1. For Cα pairs less than 8 Å apart in space and 6+ apart in sequence, what is the mean separation divided by the residue count of segment 164-243, i.e. the relative contact order in percent?
2. May I ask you to sort 223, 28 by Cβ crowding, counting other Cβ atoms within 10 Å and putting the fewest first?
3. For residue 246 and residue 224, what is the calculated FRET efficiency with R₀ set at 35 Å and r taken between the beta-carbons, to the nearest 0.05?
4. Per residue of segment 60-74, in order, report the coupling 6.51 cos²θ - 1.76 cosθ + 1.60 (Karplus, θ = phi - 60°) as ³J(HN,Hα) in whole Hz, putting x for Gly and Pro.
5. For a footprinting-style exposure proxy, rank 188, 194, 233 by other Cβ within 10 Å, fewest first.
6. Kindly provide the GluC sites (Glu not before Pro) of segment 151-246 that DSSP labels as loop, not H, G, I, E or B, and whose Cβ sees at most 12 other Cβ atoms within 10 Å.
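None of the figures in this text is laboratory data; all of them are computed from the coordinates on show. Given the structure is predicted, the values throughout are model-derived calculations rather than measurements. All Cβ positions, even for glycine, are placed from backbone atoms using ideal geometry, and neighbour counts span all protein chains on display.
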Amino acid sequence: MRARWAFSLAEATTLPLRGEDHPLRREFSRLLYGASALATALALGTFALWYFGLREDTPPPMREVVIVHYTDLGIPPSIRTPAPPQINIAEAVIPPEIAIPEPVPDEQVTQVRTIATQAEMAALLQPITMEDLGLDEGDPFVVDLDIDAQPAPDEFVAVDEEPVRISIDPPVYPEMARSAEIEGTVLVRVLVGVDGKVKDARLVEGHEMLTDAAIVCARTAVFRPALMQHRPVEVWVLMPVIFKLH
């Protein structure tokens, strides 16, 4: 079946038709041109209807123009920065009043002396004799300077070189902790003496089942002592003792 407006195949020399000679191709071109012409006509008609019938001419707004003569403007402002107003210091600052001492009776005067006289200083600086100490000439006299007093665990000791650990025995794992598979690190604070040996050990923190073994292990450590002005000094050191099953 063939539409009445379709292109005839009578003029076809060979079949099948291909390219621009194909009926569908020719039909497509005819429909494209027709649709373009129709769309253009509708657009032109709509524009003409708006331009001649629906458009309203709006008059331009009226503007009021005022002409001012230059003589009416006055003096223009200065472009310089205005200077700050001058302040009269004598009027702004009130001078202080001079206090006049008032005499008081001698009974109300309190003499407070903070500096010793030369006589008092000479008396204080006199050398101490054996008689002043209650001792005879042959009695022994010992002065305890407490040079060997060890520092407190929390006391800061200034040193030039920190102590260095040289050796330590491995910790003995407690059987109860081994059975319970308890591992961890115990912090022990040890006092390193001038000979490099541990003089004292104190627990800081750690599992209670490992603390005793950690302290015993820490006491076996040997250090190179701390030095202060090339002289060995005692100092506390924080040392970890690690317990591992594997």
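1. 42
2. 28, 223
3. Plugging the Cβ-Cβ distance into 1/(1 + (r/R0)^6) gives 0.65.
4. Those phi angles translate into x, x, 7, 10, 8, 10, 10, 9, 10, 7, 5, 6, 8, 7, x Hz.
5. Ordered from fewest to most neighbouring Cβ atoms within 10 Å, 188, 194, 233 come out as 194, 233, 188.
6. 155, 181, 208
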